[in-house]
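> Mind looking over this structure? Questions follow.
The values are calculated or read from the model by the stated rules, or taken from the named source; none is laboratory data. Remember, it's a predicted structure, so these values are computed and weren't measured experimentally. So basically every Cβ, Gly included, is an ideal-geometry build from the backbone, and we count neighbours across all protein chains shown. Only protein heavy atoms, including side chains, enter the accessible area calculation; ligands, DNA and RNA are left aside. Shrake-Rupley method; radii C 1.70, N 1.55, O 1.52, S 1.80 Å.
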Amino acid sequence: SLTKVYKYDELTITYDPDITATPGNKLVTVSFMDPNLNVEQKTQVQIVVSEDPNAPKHAGYEVDYSGMKTTYFVGETVDFTGVKVIEKFTNGGADVEMTDTSKIVYEYDENITAIPGSKNIVVKYDGKSAGAITLTVKYPAVTAVDINTDNAKTEYMAGESLDLTGLVITVTYENGDKKTVTELTADAVDMSVAGEKTVTVNYVDPIS
């Protein structure tokens, strides 16, 4: 029987470069050249990788949409530019922004802006919940109402009935859209007495 002690520099030690990246039982391969048989011999050593109780630990993901547009007019397409997903840690670990945007998934109704109201979009990162985005969908406000009387009757004989034919109203909205309205009604006005009259014209907002 022969006994030989091999020094460290006589050994070849191989292992996964990320062997300590996760906790658990891991194997290290040790090989050496047997001078008697002139062959390489191998053996394995098991090591245990434990979690550092004081090390930061993953606590989940959180969506940051402070840089995203969150107010939309009815019918607009949602734009996710500016959305960030942040990885949170315990034990004082610093937040980390996730750079692989391909892993961000938004779950929402494709007609989310079809009607006004408060809407929620669920956000997931790598299949795990990251919270929700809250949107406000609204009709654009009216910024101007123009009345065109070029083709409308504006002079009457006493006793005639008011005729709104040819009267055109153009409504301008805060998003720049303009709508023309020709279906109009008017509040009652006394046409029996001659004089200048003020007519209140009513229209139905064509977008709401």
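> For segment 110-136: of the residues being assigned to a strand (DSSP E or B) and hydroxyl-bearing (S, T, Y), which is least open to solvent (accessible area, probe 1.4 Å)?
Selected residue: Y125.
> If I ask for residues that are hydrophobic (A, V, I, L, M, F, W, C) and either open to solvent by less than 70 Å² (accessible area, probe 1.4 Å) or without any contact (Cβ under 8 Å) to a residue 12 or more places away in the chain (or both), which ones from segment 1-32 would you list?
V5, L11, I13, I19, A21, V28, V30, F32
> Would you check if there is a residue in segment 141-163 being more than 15 Å from the chain's Cα centre (by Cα), assigned to a loop (DSSP other than H, G, I, E, B) and closer than 30 Å to G75 by Cα?
Yes, there is a match, as at least one residue in segment 141-163 is more than 15 Å from the chain's Cα centre (by Cα), assigned to a loop (DSSP other than H, G, I, E, B) and closer than 30 Å to G75 by Cα.
> Let me ask you something else. Tell me, please, whether a residue that is touching a Gly at 6+ places or on another chain (Cβ under 9 Å) and within 30 Å of A186 (Cα to Cα) can be found in segment 113-127.
Among the residues of segment 113-127, not one is touching a Gly at 6+ places or on another chain (Cβ under 9 Å) and within 30 Å of A186 (Cα to Cα), which makes the answer no.
> Looking at segment 51-65, can you tell me whether even one residue there is in a strand (DSSP E or B), open to solvent by less than 50 Å² (accessible area, probe 1.4 Å) and free of Cβ contacts under 8 Å to residues at least 40 places away in the same chain? Give the steps one after another, and end with the answer.
So in segment 51-65, the residues in a strand (DSSP E or B) come out as 58-64.
Going one step further and asking which of them are open to solvent by less than 50 Å² (accessible area, probe 1.4 Å), we end up with 60-61, 63.
Still in the list and also free of Cβ contacts under 8 Å to residues at least 40 places away in the same chain: none.
Checked against the condition, which is being in a strand (DSSP E or B), open to solvent by less than 50 Å² (accessible area, probe 1.4 Å) and free of Cβ contacts under 8 Å to residues at least 40 places away in the same chain, segment 51-65 yields no hits at all.
> So is I207 under 30 Å from Y72 (Cβ atoms), open to solvent by less than 60 Å² (accessible area, probe 1.4 Å), at pLDDT 95 or above and within 48 Å of the chain's Cα centre (by Cα) or not?
no
> Residues being in a loop (DSSP other than H, G, I, E, B) and either among the β-branched types (V, I, T) or surrounded by 13 or more Cβ atoms within 10 Å (Cβ to Cβ) (or both): count how many of those fall in segment 178-196. If you could, list the steps in order and put the result at the bottom.
Step one: of segment 178-196, the residues in a loop (DSSP other than H, G, I, E, B) are 182-183, 187-196.
Restricting the remaining residues to those that are either among the β-branched types (V, I, T) or surrounded by 13 or more Cβ atoms within 10 Å (Cβ to Cβ) (or both) gives 182, 189, 191, 193.
Going through segment 178-196 one residue at a time, the tally reaches 4.
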